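Q: Below you'll find the structure I mean.
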Amino acid sequence: MNNQIKLARQAGWLYFLLIPFGVFGILYIPHHFFVENDIKATIDNIKACELLFRFGIISAIITQLIQIAAVLALFKLLKDVHKHAAIIMLVSILVAVPIALLNELNFFAVLESLDNPQLVRLFINLHETGVFIAQIFWGIWLFPMGWLVYRSQFIPKWIGILLMIACFGYLIDSFVEFLNYDLGFVLSEITFLGEPALVFYLIIKGIKK
């Protein structure tokens, strides 16, 4: 039991580390540098602080490496609940990680194309699309994880329910983007609560004895 509690807290801390690296590399950097409908201003922003832009790329890469470690810890914690569901959870992230890593090539291409605004716009758009493709699998992994948490008896069921709901938030956001439709809001910003709930429960409580 002590080993399981230790494993749960390890998984919680790894999951927690995704927050600062992911927020900086995947959310902050695009919002900081990119000016909507003004590629010249975007290029000027990148040229003015190229090092910060590169740190964003590194942060996004580190996020994916941490994601592998986090899902492996969660797999060890939850595999005895239902092994096949745990494998689906694991595979979903192992599919998402290479997509997200390769997607960062678009930002390296941006740095190589700063004298060509059309190419910069193309690579930025490709990177955004790549994030939404990876997000499909970031959503999919939450459903088996939520189901495993719900059945586990050592993590509260309500966290499992919230995780399964979060799955559909990410999926709907991705497909809405692919259809070029504007909902007027980002659904995953409403449905994400299961993830921080799981993180803080694992860090603080570990698991129920």
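The values are calculated or read from the model by the stated rules, or taken from the named source; none is laboratory data. Just so it is clear, the model here is predicted, and its values are computed rather than measured. Neighbour counts run over all protein chains shown; Cβ positions are idealised from the backbone, glycine included.
Q: Tell me, which helices (runs of 4 or more DSSP H) wholly within the range 1-83 include 2 or more residues that are in contact (Cβ under 8 Å) with a residue 60 or more places away in the chain and over 24 Å from ILE99 (Cα atoms)?
A: 2-22, 39-48, 50-78
Q: Name the residues in the range 45-81 that are over 25 Å from PHE21 (Cβ atoms) and either crowded, with 17+ Cβ neighbours inside 10 Å or modelled with pLDDT of 95 or more (or both), would you? Walk me through how you get there before you give the answer.
A: Narrowing the range 45-81 to residues over 25 Å from PHE21 (Cβ atoms): 79-81.
The answer is VAL81, and nothing else.
Q: In this structure, does GLY206 turn out to be in contact (Cβ under 8 Å) with a residue 60 or more places away in the chain and in a loop (DSSP other than H, G, I, E, B)?
A: Against the criterion (in contact (Cβ under 8 Å) with a residue 60 or more places away in the chain and in a loop (DSSP other than H, G, I, E, B)), GLY206 qualifies.
Q: Does the range 53-97 hold any residues that are aliphatic (A, V, I, L, M) and over 28 Å from TYR28 (Cβ atoms), and which are they? Spell out the reasoning first.
A: Just the residues of the range 53-97 that are aliphatic (A, V, I, L, M), to begin with: 57-58, 60-62, 65-66, 68-74, 77-78, 81, 85-91, 93-97.
Passing the criteria: LEU77, LEU78, VAL81, ALA85, ALA86, ILE87, ILE88, LEU90, VAL91.
Q: Which residue pairs have Cβ atoms under 9 Å apart, sit 6 or more places apart or on different chains, and have a first residue in the range 173-184 that is without any contact (Cβ under 8 Å) to a residue 40 or more places away in the chain and a second that is among the β-branched types (Val, Ile, Thr)?
A: Filtered contacts from the range 173-184: PHE175/ILE136; ASP182/VAL176; LEU183/ILE172; LEU183/VAL176.
Q: Looking at ALA166, ALA197, which one is in contact with an Asp or Glu (Cβ under 7 Å, 6 or more places away or on another chain), assigned to a helix (DSSP H, G or I) and surrounded by 16 or more Cβ atoms within 10 Å (Cβ to Cβ)?
A: Details: ALA197 fails: in contact with an Asp or Glu (Cβ under 7 Å, 6 or more places away or on another chain).
Testing whether each residue is in contact with an Asp or Glu (Cβ under 7 Å, 6 or more places away or on another chain), assigned to a helix (DSSP H, G or I) and surrounded by 16 or more Cβ atoms within 10 Å (Cβ to Cβ) leaves just ALA166.
Q: Shifting gears a bit: In the range 180-201, what residues are more than 19 Å from VAL71 (Cβ to Cβ) and of a type in the set (Asp, Glu)?
A: ASP182, GLU189, listed by residue number.
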